[in-house]
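All of the numbers you see were taken from the coordinates with simple rules; none came from a lab. Worth saying up front: this structure is predicted, and the values here are computed from it rather than measured. Cβ placement follows ideal geometry from the backbone for every residue including glycine, while neighbour counts extend to all protein chains displayed.
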Amino acid sequence: MTNIYTLLVLLYATLPPLSLFYTLKLIYHDNNKYGWHLHYLFKYLATLSFLPILFLKDVNLGLIPKSNYSLFFLVLTFVLVFLGLKRAIRRNVLFFYNAGVFAGFMEEFLYRGVIFGLVDALTKNVWVALGVSSFFFGVWHLKNYYWSGKHIWIQFLYTFLFYGPLFSLMRIYTGDLYLAILFHYITDATVALAPDWMRGWLVQGGKTKEYKDNYL
């Protein structure tokens, strides 16, 4: 199974970001009207591709809540998502906000679930799993080149060196994904709902460019 697990790690670490790099190029560089549709189609397909991993008995994806606290974190996430909708609509960033909500779940399933779980099954070492999944989490954000431009390396560094380890530690501490999902959502919601000048410092390397919800 070692070779299979290694192959799966490489596939999940490369194919999803490459496919979304292509769709973001269509959106922000080529102004292709089908870009957003392909972007979310590829995201949903990537999420569905996680299903076969459920049948690998040696891989712990962290999907089963380990305590009542984890159930509370999950419920709290949904409550906060609902409460944030009004502000997102008022600021005309609903699509951006929804993208952040989806990312909070999808990216945690992929990096702290699938990749972390596969590497942990391979190495029997959660710290190796933390390092590998965090690195690939940073690589994942390179797909945003056509959105963030030359400042993309900043996203790579802070997602690799800060957010990846932080969310992985939450998974190690709780035994599941739900505290990490909550904080991932809070991070992305802060970016989506923040004033334009603050969003520039959060994700665009200090640029204070106003976000335009292109889909709307």
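Could you check the spin-label model distance between residue 67 and residue 7? Points 7 Å from the Cα along Cα→Cβ, value in nm.
3.9 nm
Multiply the residue separation of residue 87 and residue 58 by 0.36 nm, subtract the distance between their alpha-carbon atoms, and state the gained length in nm to one decimal.
Details: separation 29, 0.36 × 29 = 10.44 nm, distance 4.27 nm.
Result: 6.2 nm gained on full extension.
Under the rule of -39500 (n - 2.57) per DSSP H run of 4 or more residues, summed and divided by the residues of the chain, what mean residue ellipticity at 222 nm is obtained, to the nearest 500 deg cm²/dmol? Before the final figure, lay out the partial values.
Working: 11 runs with 147 residues, N = 216.
Only helices count here, giving -21500 deg cm²/dmol.
Students often check this: by mean Cβ neighbours within 10 Å, which of 107-113, 185-191 ranks highest, and how do the rest follow? If you can, show how the numbers build up before the last one.
Working: 107-113: 25.6, 185-191: 18.4.
The packing order, highest mean first, is 107-113, 185-191.
Let a ≥ b ≥ c be the square roots of the eigenvalues of the Cα gyration tensor of the chain; is it rounded (a/c under 1.5), or, if not, prolate (a/b larger than b/c) or oblate?
Working: a/c = 1.76, a/b = 1.38, b/c = 1.27.
It comes out prolate by the Cα gyration axes.
What whole-number distance in Å separates the alpha-carbon centres of segment 21-88 and segment 129-165?
Each part's Cα centre sits 17 Å from the other's.
How far is helix 94-107 tilted, in degrees, relative to the longest principal axis of the Cα atoms in the chain, given as a value from 0 to 90 rounded to the nearest 10?
The helix 94-107 is inclined about 10 degrees to the chain.
What angle, in degrees between 0 and 90 and rounded to the nearest 10, separates the Cα long axis of helix 126-140 from the longest principal axis of the Cα atoms of the chain?
So the helix axis and the longest Cα principal axis differ by about 30 degrees.
For the Cα atoms of the chain, what angle does the longest principal axis make with the long axis of helix 178-193, in degrees from 0 to 90, nearest 10?
It works out to around 10 degrees.
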